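Presented below is the structure to which this report refers.
The numbers here are math on the coordinates, done by the rules we state, and not lab data. Worth saying up front: this structure is predicted, and the values here are computed from it rather than measured. Note that each Cβ is placed from the backbone with ideal geometry, even for glycine, and that neighbours are counted across all protein chains shown.
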């Protein structure tokens, strides 16, 4: 099951999100970026993160940017009630956001975006594992070739 974290300072949005998607996904919710970071620290298996852009203290983009180094793998989706081209550009450039959605959202759109984001997550993870395996096998092959040359 896909594990999703949704961060929004509006409790009603969190309740609605959890009610809509709790059967489809393993859903965590947070009312602030700080709370979202704590949930990430406690639940390393989170694969998709959705965040509202306009929140007190920390914007969604700032939150995504702040977690990039420690949590590069989860796929990030920014949700906002405002259309702001600068926010879109910042989301892509600074927060490495996969999708940008506007409120109010359609449940089917959110479901599709989460599923597609998980596909990207899985592909990246598989690619990373295969690359590590290939590098290991290449090192082993080089070692065996050196041994063969020496004997």
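Dividing the summed helix terms, -39500 (n - 2.57) for each DSSP H run of n ≥ 4, by the number of residues in the chain produces a 222 nm estimate of -18000 deg cm²/dmol to the nearest 500. Among 71-78, 140-147, the peptide with the highest mean count of other Cβ atoms within 10 Å heads the list, and the full ranking is 71-78, 140-147.
With R₀ fixed at 25 Å, the C-beta to C-beta distance from residue 57 to residue 101 puts the FRET efficiency at about 0.70. The packing ranking, built from the mean of other Cβ atoms within 10 Å per residue, places the peptides 57-69, 117-129, 22-34 in the order 57-69, 22-34, 117-129, highest first. Each label was represented as a point 7 Å from its Cα along the Cα-to-Cβ direction; for residue 73 and residue 35 these points are 2.6 nm apart.
Estimated from the Cβ-Cβ distance and a Förster radius of 41 angstrom, the FRET efficiency linking residue 128 and residue 82 is about 0.70. Among the listed options [x] 1.52; [y] 1.15; [z] 1.01, the one matching Rg/Rh (Cα atoms, Kirkwood Rh) as calculated from these coordinates is [y]. Structural descriptor for region 3-123: relative contact order 23 percent, calculated from alpha carbon pairs under 8 angstrom and at least 6 residues apart. Subtracting the Cα-Cα distance of residue 141 and residue 1 from their residue separation scaled by 0.36 nm leaves 46.6 nm.
How far, in degrees from 0 to 90, does helix 33-42 lean away from the longest principal axis of the Cα atoms of the chain, to the nearest 10? The answer is roughly 40 degrees. Separation of region 112-151 from region 1-18 is 35 Å, based on Cα centroids.
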